[in-house]
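Comments concern the structure below.
Taken together, the values in this text are just the output of simple stated rules run on the coordinates, not laboratory data. A quick note: this is a predicted structure, and the numbers were derived from the prediction, not measured. Cβ placement follows ideal geometry from the backbone for every residue including glycine, while neighbour counts extend to all protein chains displayed.
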Number of protein chains: 2
Amino acid sequence: MPRAGLSTTAVVDAALAVVDEHGAEALTLAAVAQRTGVATPSLYKHVAGLGELRTLLGSRVLEDMAEYFTRAVLGRGGEDAVRSLMHAYRAYVKEHPARYAAAPLDPLHDPALASAGGKLMEVVLGALRAYDLSPSDTIHAARCMRAVAHGFASLEAGGGFGLPEDLDHTYDQLIAAVLGTLPRH
Amino acid sequence: MPRAGLSTTAVVDAALAVVDEHGAEALTLAAVAQRTGVATPSLYKHVAGLGELRTLLGSRVLEDMAEYFTRAVLGRGGEDAVRSLMHAYRAYVKEHPARYAAAPLDPLHDPALASAGGKLMEVVLGALRAYDLSPSDTIHAARCMRAVAHGFASLEAGGGFGLPEDLDHTYDQLIAAVLGTLPRH
DNA sequence: ACGGTAAAGCTAAGTACATTAGCTTTACGG
DNA sequence: CCGTAAAGCTAATGTACTTAGCTTTACCGT
């Protein structure tokens, strides 16, 4: 019996693929084992259990989001950066809805997720840098952006907008509302 | 062996209690059966399975929300109604976080949930009535309110705001942003 | 080249849950 | 007071997570 050559990273890779293809609820050790060509208990050599796998996957997704958002904001500042970040957030969720659903909402509370969560927060704070807000005002502004982006994107991904009105228009209106709370620029 | 006198309603009642006490993930037929003093398979006499129980519970929560929001908006109009509704949304989620997590995001897509979902939407539309918006603008405004309220409240309930800045202040800022997109009043 | 060893894999077994099948008993209506 | 439909039960099956303990591979040092 030849060896599969698995690793923790490879297991998380497989988990990500399972989630992308079949949804966040479909993440089971059995599915990951099948995809990696290994018996279920063998996964325990690389991962402590389903709980840890979820955490690792969450961390992976947060890193992926941070990278994606960084690309969107790079070379932009002020209103341009805020707009671009808001659009990137929505686009990410639309491209990878299941993956997003696997991302934790409270990364800062778990040491295993704090690093990835911190990167994400830095991107948001960076997008607000040009406004020269006080530290506290920056936090409030970042929260507003996240609440709006998360709220809209998760509703959109969850099929929460049943009516046929144009969703781009609604989101533009929301972005304008957020920009309205920021100083002129 | 005396009879338990169960009914579909009583089963949903028990499910709601289980969720309130132990979280949305803890909703299992086994837990509901124990709480109602019945063997697990007996629940199938009142409910088609775990899936249907989830739907019924979701419907129940939506009705509860609609009633709660109606109380908050009653006798108010315009900005006052919008503010009150936004605060009620947040308060509901804070009071019953697990229950809210059990509510579906897309009630209009499921015939079994459309009635409860419709009531909820009517409350929101009613809060906007005084603005005399076009039907389409009303939809966009209602979506903005929901996205903001849902985004903020689910992040708050999920522990998503790690920093110590005042959350009431952030939410006031968000409400002001939403009100800013509506005509003067 | 080769032997020892740690890691990577396996099977077997235990727990929990959802679900189906089929039986028993209750409670109620005629 | 009996017949029957509904409400409950036990038993059994399938899936998933997890632990225990065994086997084998692959590599490292000599």
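Provide a whole-number value for the mean count of partner chain Cβ atoms within 10 Å of the Cβ atoms in peptide B:161-170. Before the final figure, lay out each step's value.
Details: counts 8, 8, 8, 2, 8, 3, 2, 0, 5, 8.
Shielding by partners across B:161-170 averages 5.
A dipole drawn for the stretch A:56-180 from +1 and -1 charges on Cβ atoms has a positive end, and of A:102, A:87, A:59 the residue lying farthest that way is A:59. With a cut-off of 14 Å between beta carbons, the residues surrounding residue B:6 carry a summed charge of +2, where Lys and Arg count +1 and Asp and Glu -1. The separation of the stretch B:93-155 from the stretch A:23-85, counted between C-alpha centres, amounts to 30 Å.
For the protein assembly as shown, what ratio Rg/Rh do Cα atoms give with a Kirkwood hydrodynamic radius? Present the calculation step by step, with values, prior to reporting the outcome.
Working: Rg = 22.2 Å, Rh = 22.3 Å.
For the protein assembly as shown, the value is 1.00.
Among the residues of B:135-143, the average count of other protein chain beta-carbon atoms within 10 Å of the residue beta-carbon is 5.
Our estimate of slack between residue B:80 and residue B:106, defined as 0.36 nm per intervening residue step minus the Cα-Cα distance, is 6.6 nm. Calculated on C-alpha atoms, the gyration radius of the stretch A:28-112 divided by its Kirkwood radius gives an Rg/Rh of 1.11. Pairwise Cα distances in chain B exceed 27 Å in 36 percent of cases. What is the sum of charges, Lys and Arg at +1 and Asp and Glu at -1, for the other residues whose Cβ falls under 14 Å from the Cβ of residue A:129? Result for the local shell: -4.
Could you give the alpha-carbon Rg of the stretch B:1-74 over 2.2 N^0.38 Å, rounded to two decimals?
Details: Rg = 13.5 Å, N = 74, 2.2 N^0.38 = 11.3 Å.
Here the answer is 1.20, to two decimals.
Here is the list for the stretch A:106-185: trypsin sites (Lys or Arg not before Pro) lying in DSSP coil, each with at most 11 other C-beta atoms within 10 angstrom of its C-beta, are A:184.
The mean number of Cβ atoms from other chains found within 10 Å of a Cβ in peptide A:105-112 is 3, as a whole number.
Is there a quick way to get the dipole size of chain A? I mean about its Cα centre, with the Cβ of Lys and Arg at +1 and of Asp and Glu at -1; what is the value in debye to the nearest 20?
Dipole of chain A, to the nearest 20 debye: 460 debye.
Please check: in the Gaussian network model of chain B (C-alpha springs, under 10 Å), which one of B:110, B:166, B:20 has the largest mean-square fluctuation. Of B:110, B:166, B:20, the most mobile in the Gaussian network model is B:166.
Using the beta-carbon distance between residue B:185 and residue A:7 and R0 = 56 Å, what value does 1/(1 + (r/R0)^6) give for FRET efficiency, to the nearest 0.05?
Values: r = 60 Å, r/R0 = 1.08.
E(calc), rounded to 0.05, equals 0.40.
Placing a label point 7 Å from the Cα of residue B:95 along the Cα-to-Cβ line, the residues of the stretch B:62-77 whose backbone N sits under 14 Å from it are B:62-74.
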